[in-house]
Structure formats: structure tokens, C-alpha cells
1. Conditions: (1) outside any strand (DSSP E or B); (2) more than 19 Å from Lys143 (Cβ to Cβ); (3) touching a strand residue (DSSP E or B) at 6+ places or on another chain (Cβ under 8 Å). Asn53 meets all but one. Number of the miss?
2. Would you confirm whether or not the range 568-577 contains a residue that is in contact with a strand residue (DSSP E or B) (Cβ under 8 Å, 6 or more places away or on another chain), in contact (Cβ under 8 Å) with a residue 24 or more places away in the chain, of a type in the set (D, E, K, R) and not in a helix (DSSP H, G or I)?
3. Go through the range 130-168 and count every residue that is surrounded by 14 or more Cβ atoms within 10 Å (Cβ to Cβ) and small (Gly, Ala, Ser).
4. State all residues of the range 108-142 that are farther than 29 Å from Met196 by Cα, in contact (Cβ under 8 Å) with a residue 12 or more places away in the chain, part of a strand (DSSP E or B) and not aromatic (Phe, Trp, Tyr); if no residue qualifies, say none.
5. Here is a check on your reading of the model: is Ala433 in contact with a helix residue (DSSP H, G or I) (Cβ under 9 Å, 6 or more places away or on another chain) and small (Gly, Ala, Ser)?
6. Does Ala85 count as modelled with pLDDT of 95 or more, in the same structural domain as Pro30 (by TED's automatic domain parsing) and small (Gly, Ala, Ser)?
7. In this structure, is Leu308 modelled with pLDDT of 85 or more and touching a strand residue (DSSP E or B) at 6+ places or on another chain (Cβ under 8 Å)?
8. Collect the residues in the range 554-565 that are within 13 Å of Lys499 (Cα to Cα), of a type outside the set (Val, Ile, Thr) and loosely packed, with under 13 Cβ neighbours inside 10 Å, keeping them in residue-number order.
Amino acid sequence: MALDGISIHALVHEFNECLLNGKINKISQPEREELLITINTSSGNKRLLISANASLPFMYITEDNKTAPATAPGFCMLLRKHIGAGRIVEISQLGLERAIRFKIQHLNEMGDVAFKYLYVEIMGKHSNIIFCNEDNMILDSIKHIPSSVSSVREVLPGRDYFIPTQEGKVNPLEATEDYIKNTVLKKSGSVYKAIMSSFIGISPTVANEICYRADIDADASCASLFDEHKNKIYEAFRGILDDVKSNRYFYNIILDPSSDKPVEYAPIKLFMYSDMEEKIYETMSLVLVDFYSKRNAYTNIRQKSADLRKIITTHIERASKKLDLQLKQLSDTKKRDKYKLYGELLHTYGYEAAPNSKSLTVVNYYDGNELTIPLDPDLTASENAKKYFDKYAKLKRTNEALDTFIQQSKEELELLKSIEAALNIAENEKDLADIRRELSDYGFIKKHVNGKKEKSKKSKPLHFVDDNGFDIYVGKNNYQNDELTFKFATGNDWWFHTKKIHGSHVIVKTDGKELPDTTYEYAAEVAAYYSSGRDSDKVEIDYLQKKNVKKPASSVAGFVVYYTNYSLVATPTLKHVKLISEE
């Protein structure tokens, strides 16, 4: 969920409680589109972090500090000059827009009291931080928007500040019952889209929550609503907006119970996620800090793995094309028996061919049917026969060689796809280092970095404990899988793996005990979660005792074979296990 008007309303309430009348002590610009403002308040120093980054805009109070560049950017210097010792005397939201205005009192060059405005717009790719004088003329902004970029509004020094009106949208805090029932709910299209398109600051999450509270299908057509439905929608709408208007908030993050990863956040109760876990917070800033820190961790890993992802994707594409070509060549070699037959028949019936003939029709003594053999008119029948025998011999050799090449190509493609699966579940830089080492060992990337060999790092599988107290171990790449299965596990431990798709080796330590049925299910859920089937509802899992898992000689890391196993279907989740550590 992006910051919507209701979340901004909650932030303004928090800022008024924590930052109002605070004195600005320090302004820094740690990133190109980010400000960190330290404010001295009656309860101590507070840090306000503001990001206008198009991919992840946000603002909140944080305890963390960030290193500023040695030379401050021009925008930061301008702020320091004018409001570096200013006092925040007013914090307000513009309607229910995703925009906050800070009114800052300071002394001008003459020592007289003056005011400046700092506008923060959290509007996705249009996010910006804009500094204005008391007449609302723009002095500067963290992003300049010329007319060539936006025909609606220029954001440049000397221009007047304004927020473009959203045609057809009104402030939901001011909406009447009649407007909702007789204008909003009479629009064409679905109910939740009608709500979203009619009001400023209402996100898809809030629109869907209104429908859920009203017990209405969000995708139902407005035309299908009866008066009783409209009454329920209005009551749900009014209930949420009355809480917002009265600053009665319920700060929470919704977590996926299968992975403990954040799904959604809001300053209101989200009843529509009643089947998921809910974590409650004291302030909106704490919600955003927690949510975005986890989101940033995921984003950072995706960014840091981008080069590896590109390398793997490129090699998979090449290996797939090479395999397709080899399979086509193999199909072509099936003609070899026809050429052998042509040669044999020409040896038998070649004397019947007239000089310079382009073909010869003979009886195929294998099936008694007539067969026309193409001939090269410049060659004798004997020479044509030799030509066909040569083609047969060449295709036979090619066929024999292709069997080996195709097997090698298939193994290479499977290896690359298994590495790709490991990259998709990588959670930290250590995981990326292991994947990089594997790519290096198999020759997909260079073995040396800056003239030095990369240091070998010992892989450490994940360690979980299930609800029954059994230890479950998970390999997150092929090296970890090998170590876990063939060095760590003992013969009577149980081994789990997804059926016919790439995934981690999962080991359940028995310590001589018999496993309860639920532990088999929990281990299967873990195996499904750490596989390329993570996003599926159900995944088929094979399981057997480790002593029945074999590794063929000279096979690549992570490759195993087994011939007798049990199977079950599992949902990818970590709900029934607790992470202990990376072993």
C-alpha cells in the first residue's frame, strides 16, 4: 500500500503532537531525493526522514541517523540558509491530499520575523519536496518539473505553488449521505472503483475495506445495488471517515502468516485481512519504519542480485536455444535410415538407371512397395549409392554425438534453473555470495575478481524447529543442499523435496524418534515454501529417508536420484515452524 490521504492524515496528527513548535537543528540530504531534518522538541530531538523517490516515497519520524555527503547539494544549502534555525509553527494537510505543509517561522536577513513553507508531496512518481516563500512562490524544489515534463504544473523557482485539482473528486471528510448514495453509487462500473474515483485520498485498500465492512462484493456493479446495500456502504464509509476526522487510529501491519512478510499497512482496522496476522503499533511512523525497512531489505537484495539475475537469465536463454537446436538436429538425423535404404537399393537396381537420370523408381524389397530415389544426374548409380551411404554415416555419427551433447545441455539447463531458484529465495548477501561462487565454479562467470581469487565460504543451511519440537534444516543453494543431504543428515533422517520442480533439500532430524504425522506436513510446507512453487496454492512433495537418496558419480552439486518415495501435497508456508538460525 502506498501512503494514501488517510495515512497522511494520521501522520499530520502525529507530527502535530511530536514536532509542532519544535526548532530545526540540522538539515541534511543523505540521498539525492531525500531529506533528514533534526528537530529539537520539548521531548528531545526528533528526526524527520522525507523521501521523494519515485519508486518508494515516504516520510516518518525515525530514531536512525543517516550519513550526509561531505558537500551538501544546493537544495539542502538553501534550506539551511533560510530555515536552518527556524521553528515549525503549523503542520497541515491540504484537504485529504497526499501533501503536507510545514509553516516555518524564522528571522530574515534584517532580523525580522518571516515565514516559509515546506511542502511534501507523497504522490508516487510525482512525489516532491517544494520550498516556498510566504507568498507561496517556489524558491526551489528537490525535483524540478519543467513544462516539457508536465503540461499541468511546472515546479520551478519563481512559479506559484499549487496542487492540480482532481476533476470529479471531492474530500471524503466533507461528503454527504446524498452525494454518496445518489452520485457515487450511481456511477457505471464496480463499487470500489466508483468510491476510488469519487474521493481524494481513498486508496484501493480503503475502498475494498469499505466494501468488506458493508458485506458487498467490491467488484459488484453499482447498478446491482439496492437501497439496503447503499445504506450499508454509507455506514461503512462514514464509520471509517468519522474515525479519521476524530483522529481515532488503529496503526497496524498485516503479515502473511506463511512467511511473516508484510502484506499491507493502514491507520485503520483492516477487517478484510482477518485470516492473516496483525501487528499493532503506537504511531504511524513506527508502522512505516517497520514496513519500509522490510520492504527495503527485499528491494536491496533484488537490486544487489540484478547482475546475477541477468547472467543467469542470459545463460538460460543460450542453453535453451542450444538445446532446441540440438533437438532439431537430432530430429534431422532420423533421415539417415532412408539414405541407407537408398544406397542399398541403388546397389541392387542401379543398373536400371539411364545415364543422366534425375530419379529411379524401384521396388523396395523390404515392404514390396515402389520407391522413387532422387539421383544426381552428373553421377553414376554407384556414385549416387556411395553419396547416400556417406550421408547415412555422417548422420549416424552426428546422432551418436548429439545424444551426449543433448544430455550435457539438459544438465546445464537444469543446473542453471536450480541456481535461478536459489536466487529467487536468497535473503541476504551471504546467499548471493554462495550463488556467485557456484556460477564461478561452473564457469558461468570469471573465477577472479580484481585479480584475486574469491574466498571460499562455507555454506550454512537454515535451521527451523516445528510445532512438535523437531529440527528442520533447509538448503538455500546447491552447495548447501549437498552439504545438508550428504554430510549433515544421517541415514534415518527424512528428506523432502518438491516433485518435478526446483527447490531446496529439506532434512528433518529424527534423533531415533518416530515423526508425528504433522511433522511430515510441516516439513513438506517448508519444502514447498523454499522452491520455485512458492507462489502456488499447492505443491506436490516427495519424501523418503535420507539413506535412500543417492548422488550419481560426477553429477553437479544438488543433483540426486531416488527410486522409492512417498508423496503428499502441501501449501507453501512457514506457519508451523520457527527460525532458529543459519546453521
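The values are calculated or read from the model by the stated rules, or taken from the named source; none is laboratory data. Just so it is clear, the structure is predicted and the values come from calculations on it, not from any experiment. Note that each Cβ is placed from the backbone with ideal geometry, even for glycine, and that neighbours are counted across all protein chains shown.
1. Status for Asn53: all satisfied but (2).
2. No, the range 568-577 has no match at all.
3. Here the count works out to 1.
4. Answer for the range 108-142, where residues must be farther than 29 Å from Met196 by Cα, in contact (Cβ under 8 Å) with a residue 12 or more places away in the chain, part of a strand (DSSP E or B) and not aromatic (Phe, Trp, Tyr): Ala114, Lys116, Cys132, Asn133, Met137, Ile138, Leu139, Asp140, Ser141.
5. Here the answer is no, as Ala433 does not meet what is asked.
6. When the stated conditions are applied, Ala85 does not pass them.
7. Taking the combined requirement at face value, the residue does not satisfy it.
8. Hit for the range 554-565 is Tyr563, nothing else.
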